[in-house]
1. Based on this model, can you work out whether Val176 counts as surrounded by fewer than 18 Cβ atoms within 10 Å (Cβ to Cβ), in contact (Cβ under 8 Å) with a residue 60 or more places away in the chain and hydrophobic (A, V, I, L, M, F, W, C)?
2. Would you point out the residue of segment 86-133, among those that are among the β-branched types (Val, Ile, Thr), at pLDDT 85 or above and surrounded by fewer than 23 Cβ atoms within 10 Å (Cβ to Cβ), that is nearest to Val229 (Cα to Cα)?
3. Which residues, counting only those in segment 186-200, are hydrophobic (A, V, I, L, M, F, W, C) and surrounded by 17 or more Cβ atoms within 10 Å (Cβ to Cβ)?
4. Report, by residue number, each residue of segment 33-47 that is at pLDDT 80 or above and under 16 Å from Ala58 (Cα atoms).
5. Going by the structure shown, is Phe153 among the hydrophobic types (A, V, I, L, M, F, W, C), surrounded by fewer than 14 Cβ atoms within 10 Å (Cβ to Cβ), outside any helix (DSSP H, G or I) and without any contact (Cβ under 8 Å) to a residue 24 or more places away in the chain?
Amino acid sequence: MLEIVLHGEKIFEVFGFPVTNTILLSWVATAFLILGAFLLGKKTALVPGRLQGVIEIAVGGFYDFMNGILGDAKQSRKHFALVATIFFFVLANNWIALLPGLSAVGINEQTAHGEIFVPLFRTANSDLNMTLIIAIAAIFMVQVIGITTLGFFKYAKKFFNFTSPIDFFIGILELVSEIAKMISFSFRLFGNIFAGEVLLMIIAYLLPYGAPLPFLLLELFVGFIQALVFATLTLVFIQIATVDHH
């Protein structure tokens, strides 16, 4: 029986904490990134091999991309760790979920509507809880960077300005916009990834042989674009937060 749900499905519990299939895949993506970084760090060579060369091109290309937006190599180096982590984490979650056969691993559960198949791994970013926490973390770090760059009182004046009624109203709008950024961030990523997951599920259910391949390639592209958009907007918000508005 094919069932589409908007949230991650619980697989088991750890000390009363429910572990869903989306959380499991996020752990797999995190372990993949950590292990990859560890192994690459141990085998880094002055003359890079193929794998090291590909990774250096990817990381170097992303750094150049950041530098092109900020126009300041010092600022790019300062914020590279945060923005690159967001990009590669979102990208890894989007792409790992597309591995052939991964969605076929699961368990059958008996419900009131009959027996349903629950996949053991599901795209982490198809769960609004995951995209929301990434968005909250990104916007929180934007505020931290803004405060450390401009100072607490100067940065707070952006939101709480009592010099005039108009400035006060504008400050409240700025505060609301920060909350709106988190909502926009989370729903944009969730909507695109969830829609792709549903599309692949329906195509694979109706035409399991050959037909899903073009859509898999499309989702590879969509997964990359969504990771890039998320990281780029974070970078733009950092740039706005660190500008001193007199």
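The values are calculated or read from the model by the stated rules, or taken from the named source; none is laboratory data. Note that the coordinates shown come from a computational prediction; the quantities given were computed from them, not determined experimentally. Note: ideal-geometry Cβ built from the backbone for every residue, glycine included; neighbour counts use all protein chains shown.
1. Working: surrounded by fewer than 18 Cβ atoms within 10 Å (Cβ to Cβ): yes; in contact (Cβ under 8 Å) with a residue 60 or more places away in the chain: no; hydrophobic (A, V, I, L, M, F, W, C): yes.
No.
2. If we take residues in segment 86-133 being among the β-branched types (Val, Ile, Thr), at pLDDT 85 or above and surrounded by fewer than 23 Cβ atoms within 10 Å (Cβ to Cβ), then Ile86 is nearest to Val229 (Cα to Cα).
3. Our first condition is that a residue be hydrophobic (A, V, I, L, M, F, W, C); within segment 186-200, this holds for 187, 189-190, 193-195, 198-200.
If the condition is that a residue be hydrophobic (A, V, I, L, M, F, W, C) and surrounded by 17 or more Cβ atoms within 10 Å (Cβ to Cβ), then Leu189, Phe190, Ile193, Phe194, Leu200 are the ones that fit.
4. Residues of segment 33-47 at pLDDT 80 or above: 33-38.
Within segment 33-47, Leu33, Gly36, Ala37 meet the criteria.
5. Details: among the hydrophobic types (A, V, I, L, M, F, W, C): yes; surrounded by fewer than 14 Cβ atoms within 10 Å (Cβ to Cβ): yes; outside any helix (DSSP H, G or I): no; without any contact (Cβ under 8 Å) to a residue 24 or more places away in the chain: yes.
Answer is no for this residue.
Conditions (1) in a helix (DSSP H, G or I); (2) surrounded by 13 or more Cβ atoms within 10 Å (Cβ to Cβ), marked per residue:
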| position | (1), (2) |
| --- | --- |
| Met141 | yes, yes |
| Phe160 | no, yes |
| Phe169 | yes, no |
| Ser184 | yes, yes |
| Phe221 | yes, no |
